[in-house]
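Notes to accompany the following structure.
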Amino acid sequence: MRILAALALCLGLFTAAPALAQDPDAARRLQLAEQYVELSLGENIAALVGQIVEEDLAASPDMSDRERAWMRANMPPMILEAIDRMAKDMAPIYAETFTIEELEALVAFYSTPLGQAVAIKEFELGSRIDELLGGAMIEFFQTFEAKYCAEFDCEPLMAVVPSAK
């Protein structure tokens, strides 16, 4: 079932590309989408990542000083690199989703001090929402597989994954 979903996703990506290529506004939308993604991540992202790492370290009292030093030195650059890769992948999605007018409005808003304040809060909220989503997905799959396997006599795969609670 997962293979079919992956194939469907791949086919969707392949069919979306020619549609964008035939769209005369695609290049402008992509340019605006790249601007929007850059602005929406905010100028203070490195500081926010450092703050999140420090919060995680504060919540981990059993870590050695050597582990803490390694985390401080390695986690922020790794997280920022992942964010950069994700940002590059996000721009085409925004370009497909929004019109030029909508993207111009987003760029205009996020170019303001208020927009930058919102960008910072969205980033902070993102990590909190990711935690909730991760826990909800684990709970969903555990429940789904338990019910599926009860009906079709199989062993749940998620039984070995610890709960996010």
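The values are calculated or read from the model by the stated rules, or taken from the named source; none is laboratory data. Computed from a predicted structure; not experimentally measured. Counting neighbours? That spans all protein chains shown, and the Cβs are built from the backbone with ideal geometry, glycine included.
Details
- Residue that is modelled with the lowest pLDDT, among those in the range 1-43 that are in a loop (DSSP other than H, G, I, E, B) and surrounded by 11 or more Cβ atoms within 10 Å (Cβ to Cβ): G42
- A search for C-beta distances below 7 Å between a residue of the range 82-99 that is under 10 Å from L30 (Cα atoms) and any residue that is in a helix (DSSP H, G or I) and among the acidic types (D, E), counting only pairs 6+ apart in sequence or on different chains, returns A91/E34.
- Selection status of L114, surrounded by 11 or more Cβ atoms within 10 Å (Cβ to Cβ), assigned to a helix (DSSP H, G or I) and at pLDDT 90 or above: no
- Filtering M75, M137 for residues that are surrounded by 11 or more Cβ atoms within 10 Å (Cβ to Cβ), part of a helix (DSSP H, G or I) and in contact with a helix residue (DSSP H, G or I) (Cβ under 6 Å, 6 or more places away or on another chain) leaves a single hit, M75.
- Taken over the range 59-71, the criterion of being in a helix (DSSP H, G or I) and surrounded by 10 or more Cβ atoms within 10 Å (Cβ to Cβ) is satisfied by E67, R68, A69, W70, M71.
- Of the residues making up the range 26-83, those that are touching a Phe, Trp or Tyr at 6+ places or on another chain (Cβ under 8 Å) and among the hydroxyl-bearing types (S, T, Y) are Y36, S40.
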